[in-house]
Amino acid sequence: MKFTEDHEWLVLDGDVVTVGITEHAAEQLGDVVFVELPEVGDEFAESAEIATIESVKAASEINAPVTGEIVAINAAIVENPALVNEDPLGEAWFFKMKIEDTSALDSFMSEDEYKAFIA
Amino acid sequence: MTFEFTDYKPYDFANRRHIGPSPDEMAEMLRAVGAESLDALIDETLPRDIRQAEPLAFGPALSESEVLLRLRRTAARNKVMTSLIGMGYHNTVTPPAIQRNILENPAWYTAYTPYQPEISQGRLEALLNFQTLVADLTALDVANASLLDEPTAAAEAMALCLRSAKSKAKAFFVDAECHPQTINLVKTRAEPLGVEVIVGDPFADLDPKAVFGALFQYPGTHGHLHDFSDLCAALHAEKALATVAADPLALTLLKAPGEMGADVAVGSMQRFGVPMGAGGPHAAYIACKDQYKRALPGRLVGVSVDARGNRAYRLALQTREQHIRREKATSNVCTAQALLAVVASMYAVFHGPKGLKAIAQRVHLETARLAAGLESLGFEVEPKAFFDTFTVECGPLRDVILRSALAEGINLRKVGKTRIGVTLDETVRPETLEGVWRAFGGDLRAEGPAPAARLPEGLGRTSDYLTHPVFHMNRAEAEMTRYMRRLADRDLALDRAMIPLGSCTMKLNATAEMQPISWPEFNAIHPFAPADQQAGYAEMVADLSAKLCAATGYDAMSMQPNSGAQGEYAGLLTIRAWHRSRGEGHRDVCLIPTNAHGTNPASAQMCGMEVVAVKAAENGDVDLDDFRAKAERHADRLAACMITYPSTHGVFEPTVREVCAITHRHGGQVYLDGANLNAMVGVSRPGDIGADVSHLNLHKTFCIPHGGGGPGMGPIGVKAHLAPHLPGHPVEGEGAVSGAPWGSASILAISWAYVLMMGGEGLTQATKVAILNANYIAARLSGAYDILYTGAGGHVAHELIVDVRPLQDSAGVTVDDVAKRLIDCGFHAPTMSWPVPGCLMIEPTESEPKAELDRFCDAMLAIREEARAIERGDLDKEDNPLKRAPHTVEDLVGEWDRPYSREQACFPPGAFRVDKFWAPVNRVDNAYGDRHLVCTCPPMEAYAEAAE
């Protein structure tokens, strides 16, 4: 599992990366009440705005960590945004993205590095 | 007998009404603060280089009765006529029960915006009724709790379409039959966004491929009624959105915008019992389909549950708002027109669907009778089918007829070169029609059976509206009065306790200042009535402007902006126009400190500016090095900076002159946010310290009440070089930001009465006492709490930030817990988590006497003690009075298994025993409400389900 400075986690499986937000991010946001996801087939350049997440007290965007095409979205968190608080690292993944350059992930933080980053 | 003459003046307003502490109390408070005298405190608090040179001199302060006499004389210069001008403004009957129990009732008009839902349930219910009323009449899914005026709502609708439409086109179509002020404001809003506005006949000129949205008026400004269904479908086929500006009274008889396929509807609720007031205030509405609700600007009331699972209302989806999204917000709107929306909603409750329909039918049939009479006199009316408006071709007779009408006491509308427009309303009487006929040269009687209806074929309304029980209650006045009283009793307003909201200046709204707004000479004036009928208004605006200029050091004032945020928008547009006039139109960078009010970046974004954030230093001041570096880096493109003074941290920053100088050196203009002007009037002037523009929140510093979330007024003052670029007249000029030339003109009387009664000396004294009151609270609370920012003299300005974050670590107590516990003590919480997250910002204002300040401090200190008890382990970490606050009557009955007593729960220090304010609900669940969004009155059984 890799981590970005924007508090997203990334898991690579072949050329598909699954993206979600970290426990730390979910805690900071507080009760998540709304998630807006892209559509399958949408393509995004690195750092383009890809999803919106709103809590009772904050609104933030999730930017594409790398360039790629959306191949799956998690409808469960749209139905039940509270899932993002309950299981951010598991059931509450946001989307899966097919990417061309898997080496782009190398530059992101490891779990230990991320822990140090938020400490 | 002999007696000694006293110099005591029983009616000396400045000393006896607005200044809370008595001279003896002030002496005591100064000792607590550690200042030798009031003047010494001010000298220590304000940097010397920002003090104003000359005292504020407006002549002597007038007593209450003298001021009312003065305003009577001025009001008498306005001529109350029967205005049949239309253009979105109509005569209306405010039911007396509503006028007295709401409009003239401090329980309603002195309340704050309902951000603390537990003590705002009354007006939240009334606003939910408003949203239900609008959603029903427009047949759309979601309506907000009102906007400033119809043209502003139309401009917001355009922005919503731009944000939400999938079409990539960059043009917006506007029906030429829209009210002229609507077209003007849409153009003003569109231009900085790079949106082209195409004005034309939608049935001839609209190319759906070329636009991302279109706006139609229904009925048109000249009375035409069209079914826009085909146009809506054509727009949707090209992924563009349709907005209809609709008259809500007409919608009781006519097919609704939602039934035509419109995505958005806007309009004015003014004719639902809200006086015209020469332009306002009144409530506009905006409604949309469910899928666009997250792009809806302004406030939205939603239904949630409290800690017991009982129904509770609250503001929903607040993350859409500017204070969270800043430059990414949908809009900079933060205020609504709550008081006027409440009046409109009560008008609908008062009349019910049957009553509203009957009013609409009568207006229509009398319009038909008027048309038939004119036709019998040989005139041709256009259109043939209409609701309440038509125009008449008069040829060369036009001006003679207009003059004859004036002689009858009637204002008609000039249309083109040879036509006259007429719009009727619910106040129409036989004499009205007969007067119009006489002006057209006919001697007819308005008698006999009503003529046939002349609504267009196929446009009749077939769907139901206002089916909710609240619109079907027993309409006996006894019952209505009690309903309004019940709602008022659920809210905590200034008539019960101080509302120490930082940055909001909840000062006294004196009764004498409020009285004139009910006079017909002020409130029955049409904003587009001839100038000679508004001579009193002109006099008032001129004198108030001169006094506000004197107090701020500016050279000119525009009264148009209807809120502080609209003032920011108008001020930045003025700066932008000035740059353009000098061939420097490329300047588009706006420097804004990170601790600025969220509206600042949102307003800059609306004006097409790029926001560059400037850091705040450790002590909360603008980081001067960062400011200088960024001004230099963007020197080629620097348009403006936006600063707040005293800062949003409640400190008079000594570097403010330097910040202004740096901005000017690099070609920019200084926008000084006037939100904190209550700390400056009479002691320091923005115009002297280097600012070029400011808005003045008349609803803060100058006594217009907050109305439970609006009205407001945010006029802007500018230096002379900017004066030619101020907003133009909404009908005759360009670049207007408000539908009426003086914004919400009628409530200017409140501010005018205030400055006349205070005089320059009284205003200066108010500022000084506001600073004393804040410093007294700081002195009493320090030790128990850290006061975050203080100026050079160790003093705060007119407000202070109290750090409650340590309680989170030591006792698990959050800023929310403190705020809600203050409700148990009988107080409205201070401003929460702004500008510093997790802290409270307290602004007492000069109006509060020492006893009330002490009651508040006692409550705050007691809360600290409760937190200490948690720290010691004497109170449970979860099950304690702070976490469970606020407590309600429900907590007094039934089982009690908590580890603290009911006595402690309900009667903490500060709370009154006999006059205890009981919150109507326990703590409201915010997340539940946002996850299960309901923004109209749900059926009664739905509440029961929600609770399960």
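Read-outs: derived from the displayed coordinates by stated rules, not from any lab. All of these numbers come straight from a predicted model, not from anything done at the bench. A quick note on method: Cβ atoms are made from the backbone with ideal geometry, for glycine too, and the neighbour counts reach across all protein chains shown.
Would you compute the Debye intensity of the range B:800-890 from its alpha-carbon atoms alone, equal scatterers and no solvent, and pass along log10 I(q)/I(0) at q = 0.15, 0.20, 0.21, 0.24 Å⁻¹ to two decimals?
Log10 of I(q)/I(0), two decimals: -0.56, -0.96, -1.04, -1.28.
Nearest 5 percent is fine: what portion of the DSSP beta bridges confined to the range B:84-221 is antiparallel?
Working: 1 of 9 bridges.
Expressed as a percentage, antiparallel bridges in the range B:84-221 total about 10.
On full extension of the chain, what length is gained from B:Arg403 through B:Asp636, given 0.36 nm per residue of separation minus the C-alpha to C-alpha distance?
Working: separation 233, 0.36 × 233 = 83.88 nm, distance 5.60 nm.
That pair, B:Arg403 and B:Asp636, stretches by 78.3 nm at full extension.
Please give, to one decimal in nm, the separation of the simple spin-label points placed at B:Arg48 and A:Ala82, each 7 Å out from Cα toward the Cβ.
The modelled label-to-label distance comes out at 6.3 nm.
If you take the Cα atoms of the range B:219-327, find Rg, then find the Kirkwood Rh from the mean of 1/r over all pairs, what is Rg/Rh?
Numbers: Rg = 17.2 Å, Rh = 16.5 Å.
In the range B:219-327, Rg relative to Rh is 1.04.
Ratio of Rg to Rh for the range B:342-486, alpha carbon only, Kirkwood? All intermediate terms of the calculation are to be shown ahead of the outcome.
Values: Rg = 18.4 Å, Rh = 17.2 Å.
So for the range B:342-486, dividing Rg by the Kirkwood Rh gives 1.07.
Taking a quarter of the surface of the convex hull around the Cα atoms of the range B:590-700, what do you get in nm²?
Averaged projected hull area, Cα only: 6.5 nm².
Could you check what % of the DSSP bridge pairs in chain B are antiparallel, to the nearest 5? Don't jump to the answer; show the numbers that get you there.
On the way: 44 of 80 bridges.
Around 55 percent of the beta bridges assigned by DSSP in chain B are antiparallel ones.
With all distinct Cα pairs included, what does the Kirkwood hydrodynamic radius of the range B:267-307 come out to in Å, to one decimal, could you say?
Numbers: mean 1/r = 0.0781 Å⁻¹.
Hydrodynamic radius (Kirkwood, Cα only) of the range B:267-307 equals 12.8 Å.
Pull up the cross-link candidates among the lysines for B:Lys916, meaning alpha carbon to alpha carbon under 17 Å and not fewer than 8 places away within one chain.
Reachable lysines: B:Lys820.
Which values of log₁₀ I(q)/I(0), to two decimal places, follow from the Debye formula for chain B at q = 0.10 Å⁻¹ with a uniform point scatterer at every Cα?
Log-scaled intensity ratios, in q order: -1.17.
Could you give the Stokes-Einstein D for the range B:67-209 in µm² per second, using the C-alpha Kirkwood radius, 4 °C, 1.567 mPa s?
On the way: Rh = 19.2 Å.
D = 67 µm²/s.
Calculate the radius of gyration of the Cα atoms of the range B:282-416 to one decimal place, then report Dmax, the largest Cα-Cα distance, as a whole number, both in Å.
23.0, 72
What distance in nm separates the two pseudo spin-label positions at B:Ala27 and B:Asn619, each 7 Å out from Cα along the beta-carbon direction?
So the two model labels end up 3.4 nm from each other.
To test your reading of the geometry: what angle, between 0 and 90 degrees and rounded to tens, separates the Cα axis of helix B:180-190 from the longest principal axis of chain B?
With both axes taken from Cα atoms, the answer is about 50 degrees.
On full extension of the chain, what length is gained from B:Thr462 through B:Asp786, given 0.36 nm per residue of separation minus the C-alpha to C-alpha distance?
On the way: separation 324, 0.36 × 324 = 116.64 nm, distance 6.30 nm.
Extending this stretch completely gives an extra 110.3 nm.
Restricting attention to the alpha-carbon atoms of the range B:856-931, what are Rg (one decimal) and Dmax (integer), both in Å?
13.4, 39
Please quote Rg/Rh for the range B:710-759 to two decimal places, taking the Kirkwood radius as Rh and restricting both calculations to Cα atoms.
Values: Rg = 13.0 Å, Rh = 12.6 Å.
Value, to two decimals: 1.03.
What fraction of the DSSP beta bridges in the protein assembly as shown is antiparallel, stated in percent and rounded to the nearest 5?
Values: 73 of 109 bridges.
Rounded to the nearest five, the antiparallel share is 65 percent.
Given H placed on each backbone N at 1.01 Å, which residues far from B:Cys839 in sequence or on other chains put an amide H within less than 5 Å of it?
Excluding prolines and chain starts, which carry no amide H, the hits are B:Ser833, B:Trp834.
Debye calculation, C-alpha points only, no solvent: report log10 I(q)/I(0) for the range B:166-286 at q = 0.11, 0.17 Å⁻¹, in the same order as the q values.
-0.36, -0.85
Relative to a virtual label point 7 Å from the Cα of B:Asp879 in the Cα→beta-carbon direction, which members of the range B:898-922 show backbone nitrogen distances below 11 Å?
Correct set: B:898-900.
Rg and Dmax of the range A:1-83 over Cα atoms: what are they, in angstrom?
Every Cα atom of the range A:1-83 included, Rg and Dmax give 12.3, 37 Å.
Viscosity 0.890 mPa s, temperature 25 °C: give me the Stokes-Einstein translational D for the protein assembly as shown in µm²/s, with Rh taken as the Kirkwood radius over C-alpha pairs.
Working: Rh = 30.3 Å.
For these conditions, the coefficient is 81 µm²/s.
Separation between the A:Glu91 and A:Ile118 pseudo-spin-labels, each 7 Å from Cα along Cα→Cβ, expressed in nm?
Those two pseudo-labels are separated by 2.0 nm.
Convert 20 °C to kelvin, take the viscosity as 1.002 mPa s, use the Kirkwood radius over C-alpha pairs of the range B:681-830 as Rh, and evaluate the Stokes-Einstein diffusion coefficient in µm²/s, rounded to a whole number. Mind showing how you got there, number by number?
Working: Rh = 19.0 Å.
After rounding, the answer is 113 µm²/s.
Quantify how strongly other chains surround peptide A:51-63 by giving the mean number of their Cβ atoms within 10 Å of each of its Cβ atoms. It would help to have the intermediate numbers written out before the result.
On the way: counts 0, 3, 1, 8, 5, 11, 7, 4, 11, 4, 1, 0, 0.
That average works out to 4.
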